[in-house]
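J.: One structure, pasted below without further comment.
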Amino acid sequence: MDTQAPLKGRILVVDDEESLREGLQLYLEMDGYSVATAADGQEALDQLPGTFDLVLLDVMMEPINGMEVAKRMKENHATAHIPIIFLTAKDADEDMVAGLELGADDYISKPFSMKNVLARISAVLRRSAFASAHHQVKADTNSLSRLGIKIDFDAHVCSVDGNPVKMPRKELEILTLLLQNPGTIFSREEILNKLWPDEVIVLERVVDVNITRLRKKVAPYGTHIITRSGFGYGWQD
């Protein structure tokens with residue numbers, strides 16, 4: 001008797017090129033994913049928040065580009081946790097950094113092979129699943145608190161003195177790593193290795209930018225995120 005293979009995940013493909021959008025949908029569905037599509041940024045936002053495990057997001061779209069879609073996703077508590085992979089013809093370092101700083105999990109330049117896209121999706125979903133499980137095991141509860149900072153793992157929300165703080169996925173993951181390991185100093189390389197997939201090339205200064213933003217967002221507790229010159233970053237009560 002035939003048995004249906006388990007669904008790998010639900011993906012939203014956002015691209016203004018119809019042929020590329022349909023090609024991605026076909027190959028992803030053949031590989032075991034459930035796929036919804038959107039032809040522009042507004043159509044994507046209309047489908048969010050939805051039950052998606054990942055968003056493949058083109059950057060160069062009108063009138064709402066992919067960067068703006070990502071920004072709005074990360075500002076919305078209902079969608080901030082959804083992994084994003086950017087698809088774009090732009091491959092300059094500054095564009096990659098801009099996308100990753102918004103909280104994207106990966107960045108693929110066009111033209112690309114479907115084998116590469118499938119590998120990147122698999123890596124991001126594995127890392128996302130591992131991070132969620134790791135948070136649950138380490139915290140032993142559904143939340144983690146230090147001083148006036150609280151992270152709710154179910155809602156993917158950080159609050160400071162009871163007030164919710166808008167925080168992209170990467171900032172939340174870095175903060176969680178530091179809070180779970182007080183007194184431990186993590187180098188930039190260690191943070192990148194723990195929180196970004198192996199297949200993604202990320203500049204070390206992306207970590208510095210995220211740390212700077214975190215210190216401001218968790219004020220007045222930002223001074224507890226310490227810098228050890230020549231070594232890295234950590235949390236000190």
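J.: Tell me the mean residue ellipticity at 222 nm calculated for the chain from its helices only (DSSP H runs of n ≥ 4, each -39500 (n - 2.57), averaged over every residue, nearest 500). It would help to have the intermediate numbers written out before the result.
T.: Details: 8 runs with 98 residues, N = 237.
It lands at -13000 deg cm²/dmol.
J.: Further question: Testing the spin-label approximation: label points 7 Å from Cα along Cα→Cβ at Glu68 and Leu147. State their distance in nm.
T.: 3.7
J.: List the pairs from Lys8/Lys115; Lys8/Lys110; Lys74/Lys110; Lys150/Lys170; Lys71/Lys166 whose alpha-carbon separation is above 19 Å, in the order I gave them. Walk me through the numbers before you get to the answer.
T.: Numbers: Lys8/Lys115 16 Å; Lys8/Lys110 24 Å; Lys74/Lys110 24 Å; Lys150/Lys170 16 Å; Lys71/Lys166 11 Å.
Pairs exceeding 19 Å: Lys8/Lys110; Lys74/Lys110.
J.: Looking only at segment 210-237, which residues have a backbone nitrogen under 12 Å from a spot 7 Å from the Cα of Ile185 in the C-beta direction?
T.: In segment 210-237, the label zone of Ile185 (backbone N under 12 Å from the point 7 Å along Cα→Cβ) covers 226-235.
J.: Could you look at the chain and say what percent of its accessible area is carbon and sulfur, using a 1.4 Å probe and all protein chains? Please list the in-between numbers first.
T.: Working: 5760 of 11520 Å².
With neighbouring chains kept in place, the figure for the chain is 50 percent.
J.: Assuming 0.36 nm per residue, please report the length gained on full extension of the stretch Arg228 to Glu29 beyond their Cα-Cα distance.
T.: Working: separation 199, 0.36 × 199 = 71.64 nm, distance 4.73 nm.
Length difference between fully extended and current span is 66.9 nm.
J.: Along Cα→Cβ, 7 Å out, is where each label goes; now give me the distance between the ones at Lys8 and Asp208 in nm to one decimal.
T.: In this crude spin-label approximation the distance works out to 3.8 nm.
J.: Fully extended, how many nm does the chain gain between Asn116 and Glu75 (0.36 nm per residue separation, minus their Cα-Cα distance)?
T.: My answer for the length gained is 11.8 nm.
J.: Before I look further, what does the chain give for accessible area per residue, probe 1.4 Å, in whole square angstrom?
T.: Details: 11520 Å² over 237 residues.
Solvent-accessible surface per residue comes out at 49 Å².
The values are calculated or read from the model by the stated rules, or taken from the named source; none is laboratory data. The structure presented is a predicted model; accordingly, all values stated were derived computationally and were not measured. Counting neighbours? That spans all protein chains shown, and the Cβs are built from the backbone with ideal geometry, glycine included. Note: accessible area is taken over every heavy atom of the protein model, side chains too, but ligands, DNA and RNA are not part of it. Shrake-Rupley method; radii C 1.70, N 1.55, O 1.52, S 1.80 Å.
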